[in-house]
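First the structure, in the form of C-alpha cells, and then the observations on it.
Just so it is clear, none of the values below were taken in a lab; they were calculated from the coordinates. Note that the coordinates shown come from a computational prediction; the quantities given were computed from them, not determined experimentally. Using ideal geometry, Cβ is built from the backbone for each residue, glycine included, and neighbour counts are taken over all protein chains shown.
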Amino acid sequence: MKLYGFGPAASAQRVRIFLAEKGLDVPTEQLNVRDDDQFAAAFTAMNPFHCVPFLELDDGTVIAESVSICRYLEELHPEPALFGRTAVERAIIDMWLRRFELDGLVPMVHAVRNHVPMFAGKVVPGTRTDLPQLPAMVTRGKEMMEIFLGRVEPHIARNEFVAGPEFTIADITGFFAVRLTRVLEMDIAARYPAVAAWFAKVSARPTFQL
C-alpha cells in the first residue's frame, strides 16, 4: 500500500500521528497541494475530491478521508486500540470523534479558510474557485467553537482524555480542532482551562511533535 499526503496539511498529519501511535510505517508519497499536484490526471482518477491524504491499496482500491484511512489501519493492526475494544468503547469514542469533527473541526476549518489569505480561491477544500472569502463565516465559526468548547469543558475536566481514560482517535481529531483556535487568535486558556490543560498534555506526546 502507499499513502499520499502533504506534510503541512492537518488532514495528513492526523494520519501520520495515528501511524506513529500504532508504530506503523507506510510508504508515503508527498503531493504538494500548494502547487496543485493533486489535480494531475493520475491523482484525479484516484481521488476526484482532490484532497489529501488518500491510501492506495495493493489491489488498486483507494481509501480517502483521514478517519476512514485510520479505521482501515485499525482493522489490520488492532493494538494499541485507538477506536476502542468493546462495543461500548467503540460507540463512545465514535460519539466524541463525531462531536469534535462536526461541531469543532468543521466550523474551524471553514473559519480559517475564509480568514487566511493563503486560502483565497480555495475556501472549499480540494477546489480552486472564485468563491470569495466571507468574514461572516469567520465570525460564525468562532461563535460555534465557543459554544462547543463550553459544552466540552466540564467533560474534559472529569476525564483524562476526550473519550475517557485512554488516548484515542478522538484526541487526535480534537487536537487539530483546538489548534485552529490559535490561527484565529482565540484565547481559550482563561475560559476553558480543562480544555487548555488537555491540549497541552496531548501536544507533549512524542507522536505530536510535527
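Provide the convex hull volume over Cα atoms per residue for the range 80-146, in Å³. If you can, show how the numbers build up before the last one.
Working: hull volume 7.2 nm³, N = 67.
Spelled out: Cα convex hull of the range 80-146, divided by residues, is 107 Å³.
Please report the base-10 log of the normalised intensity I(q)/I(0) for the chain, using a Debye sum with one equal scatterer per alpha carbon and no solvent, at each q in 0.10, 0.13, 0.17 (1/Å). Debye intensities relative to I(0), on a log10 scale: -0.45, -0.77, -1.26.
Other residues whose C-beta falls under 12 angstrom from the C-beta of PHE119 contribute a net charge of +4, scoring Lys and Arg +1 and Asp and Glu -1. Placing dummy labels 7 Å off each Cα toward the beta-carbon, the span from ALA194 to GLU65 is 3.0 nm. Value of Rg to Rh for the range 126-184, rounded to two decimals, is 1.10; Kirkwood radius and Rg both from alpha-carbon coordinates. I'd like to know which of PRO165, LEU102, GLY141 lies farthest towards the positive end of the charge dipole of the chain, counting +1 on Cβ of Lys and Arg and -1 on Cβ of Asp and Glu. Highest projection toward the positive end goes to GLY141. DSSP beta bridges confined to the chain are antiparallel in about 70 percent of cases.
Once Rg and the Kirkwood radius are both taken over the C-alpha atoms of the range 2-76, their ratio Rg/Rh works out to 0.94. Put simply, when 158-171, 70-83, 175-188 are sorted by average Cβ atoms within 10 angstrom per residue, most first, you get 158-171, 175-188, 70-83.
Rg/Rh for the range 87-208 stands at 1.00; both radii use Cα atoms, and Rh follows the Kirkwood definition. Listed by chain and number, the lysines whose alpha-carbon sits under 22 Å from that of LYS122, ignoring those within fewer than 8 places in the same chain, are LYS142.
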